[in-house]
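In what follows, a structure is listed as structure tokens, so that the remarks can point back to it.
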Amino acid sequence: MSKIEKVLATGKTHTTAVTPSSVHSNVNLKLSAAGGRDISFDNIVAHPSAEQLFAGAWSSCYTLALTLAAAQNKVTLPADTSVDIEVDLGQTGDAYFLGARLIVNLPGLSQDAALTVAHAADQICPYSKAVRGNIDVAISVTTA
């Protein structure tokens with residue numbers, strides 16, 4: 001697995017806690033261009049980047065995995081649980097790679113409980129399993 005030397009584009013998502021009744025609800029996407037610029041779409045269909053779509057699908061799946069991991073570990077997730085995922089498309093030499101950062105926000109939990117749930121969710125989530133060993137992934141947990 002190679003590390004990215006030059007980031008070409010980043011897809012970012014922010015996903016809030018998923019409840020079983022909302023698993024099949026609509027998805028609302030707010031898109032931004034490289035460099036953090038918001039995009040205004042007037043009379044055209046929005047086309048998210050592959051990195052944004054991948055981050056969105058992964059964050060939705062991972063957030064549901066957090067719910068399962070919390071239940072398995074007898075931890076009650078805070079109402080304001082959220083996951084931020086950033087997927088980078090980058091280059092090292094002539095080769096292209098993906099990299100990702102998961103920021104798991106579990107305000108009010110102890111750091112130990114939050115880490116346990118976050119890493120258990122990483123073991124449950126099919127997207128996390130699919131990329132494990134294939135791309136560079138960093139997981140950080142905040143409890144504040």
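Before moving on, here are some points about what is shown:
- Residues in the range 53-65 that are touching a strand residue (DSSP E or B) at 6+ places or on another chain (Cβ under 7 Å) and crowded, with 20+ Cβ neighbours inside 10 Å: PHE54, ALA55, GLY56, TRP58, SER59, TYR62, THR63.
- Selection from the range 110-122 of residues that are of a type outside the set (Asp, Glu) and surrounded by fewer than 22 Cβ atoms within 10 Å (Cβ to Cβ): SER110, GLN111, ALA113, LEU115, THR116, HIS119, ALA120
- The range 102-124 residues that are under 15 Å from SER140 (Cβ atoms), paired with ones that are aromatic (Phe, Trp, Tyr) and assigned to a helix (DSSP H, G or I) (beta carbon under 7 Å, 6 or more apart): LEU102/TYR62; ALA121/TYR62
- Check on SER2, closer than 18 Å to LYS129 by Cβ and at pLDDT 65 or above: no
- Output for the range 113-144, where each listed residue is touching a Phe, Trp or Tyr at 6+ places or on another chain (Cβ under 7 Å) and part of a loop (DSSP other than H, G, I, E, B): CYS125, ILE135
The values are calculated or read from the model by the stated rules, or taken from the named source; none is laboratory data. Everything numeric here is computed off the predicted structure, so don't read it as measured data. Virtual Cβ from ideal backbone geometry, glycine too; neighbours counted across all protein chains shown.
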